[in-house]
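Every read-out reported here was derived from the displayed coordinates using simple, explicitly stated rules and does not represent laboratory data. Not measured: the values here are computed from a predicted model. Every residue, glycine as well, gets a Cβ built from its backbone with ideal geometry; the counts of neighbours run over all protein chains shown.
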Amino acid sequence: MLMRRAAVAVVVLTLLLTGCSGGGGSRDGRITLRFQSLAWQDESVRVNKELVEEWNAAHPDIRVEYVQGSWDSVHDQLLTSFEGGEAPDIIHDASDDLADFAYGGYLADLGPLLPARLREDIPGSSWDTTTFGDGGGVYGVPFLQEPRVLIADKKVLDASGVRIPTPDKPWSWPEFRRISKELTARMGPGKYAVAWPLKDPVSATLNLGLSTGGRLFHRGADGKVTVRFTDGDAVVPETVHAQVNTDGSASGATLGMGGSDTLPGLFGGVYAMVPLGFSYRQQIIQQAPEGFEWTVLPAPAGDSEGLAQGVSPQTLSVAEDSPYKKEAVRFIDFLLQPSNMVRLAKGDWMLPTGTRALADPSLHTAKDGWATGAALARDLRSAPAQSVRGYPEWKDKVATPALQEYYSGAIGREELEKRLVEDGNLVLARYQR
């Protein structure tokens, strides 16, 4: 009898714990799924909430509760909720934040649950960003991606007479450097061709470096990752360093800025071009003064890989502790139907990963640079750091300060390489014992 009571107690306790983790059921059998979204722009938040309402209206037995999260604190917030057994069922994040959670057992392998439609619609290069481990588990559905582009003052470029790049005929990195020098000379004192907003320099440096054959992270036959700094890895950082410290064609004052901080200078004619994520177009439309003419240009291309650049798509994952994984995947499948994916992409001013959504004519118009961005989609690759365990620590403690000091001129290439490689490998080794 005592053993039977103990067994019953264990079952009750298990049910209670399950009810506290993620979604929950109710006495009438209705399931509630918690969907934590990181949408932050008004248009994007509105679209996400509309889609949740549409789902709830069509699925009265599986209700989705919208939970607002924040990009600024998502990693630490998720780690706390995972360890506390209170993670949301459906998790919005970025693919470069998933590796540690996937290897830690916090995220469900969605491979066996994904419908064929969704698997086939999203290219393999996008699925690579959310596939981890020896077994090739899929720990997120990549649905929005954002290439880096050059947002430029159209009047300044037109008046200069320089060749305007297109996705079919982009600037090379040496040409970009040369044209930046020419533009700066034409613009006059106190003005610069380029403003590099590199408050967070790591992702921009690594992702643009794919165009020149840079990888930085290399996985050996034993599965372990080490850092190597090659000539291909050096092209992008050396270009930025030279523009700031040698050519005087890029402003050193913007190195500690975020992208939004550079927009007043762009509008005021202080800078002619700013390398930014594709979604910044919305801020430009909202904030640009009347009469300001702007255009979207492709980022420079490398000799070896052309316009290739790394991206870390936005993703939707399911918590391993969720008792309703199948239902959560059904909601994700609904959210990412082609027409809905287009709505999400336009709401966030990004590109969808799905091939059917990307083919939508509204994403190929010249207005607001949509066509330029869509043309770059074929060259987007998995960011170099996607599957690297320990990347967040390497980024924060090693790469960010090293690149910031290099770009400002405080250290040279030799010291940069030493810190990225030697100090970086010490960090990664602790995650791969």
Mind jotting down the distance between the C-alpha centroids of the range 78-114 and the range 330-351, whole Å?
20
Taking Cα atoms only, helix 74-83 is inclined relative to the longest principal axis of the chain by an angle, in degrees rounded to 10, of 20
Computed Rg/Rh for the range 173-229 (Cα atoms; Rh = Kirkwood radius) stands at 1.19
Among the Cα-Cα pairs of the range 105-237, the proportion with separation greater than 26 Å, in percent, is 46
For the chain, with a Gaussian network of springs between Cα atoms less than 10 Å apart, report the residue from G104, G256, G124 with the top mean-square fluctuation.
G104
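If eta is 1.002 mPa s and T is 20 °C, what Stokes-Einstein diffusion coefficient results for the range 264-377, Kirkwood Rh from Cα pairs, in µm²/s?
Taking Rh from Cα pairs, D becomes 129 µm²/s.
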Acute angle (nearest 10 degrees) that the helix 2-20 long axis makes with the longest principal axis of the chain, alpha-carbon atoms:
30
Relative contact order as a percentage, the range 184-342, C-alpha pairs under 8 Å and 6+ apart, gives 29
So if I restrict to the alpha-carbon atoms in the range 333-433, what is the Rg, and what is Dmax, the biggest pairwise distance, in Å?
19.6, 51
Can you tell me the Rg and Dmax of the chain, counting just the alpha carbons, in angstroms?
23.3, 91
At 222 nm, what value in deg cm²/dmol follows for the chain if DSSP H runs of at least 4 each add -39500 (n - 2.57) and the sum is divided by all its residues, to the nearest 500?
-11000 deg cm²/dmol
What span do the alpha-carbon atoms of the range 374-433 cover on each of the three principal axes, reported in whole Å from largest to smallest?
38, 35, 16
State to the nearest 20 debye the size of the charge dipole of the chain about its Cα centre, where the only charges are +1 on K and R beta carbons and -1 on D and E beta carbons.
300
Could you state, as a whole-number percent, how many of the C-alpha pairs of the range 191-259 are farther apart than 13 Å?
68
Got the relative contact order for the chain handy, in percent, Cα pairs under 8 Å and 6 or more residues apart?
25
Could you tell me what % of all Cα pairs in the range 232-282 have separations over 15 Å?
52
Unit charges at the beta carbon, dipole of the range 214-327: most positive-side option, S249, M273, L316:
L316
Could you give log10 I(q)/I(0) at q = 0.18 Å⁻¹ for the range 21-143, computed by the Debye formula over C-alpha point scatterers of equal weight, without solvent?
-1.15
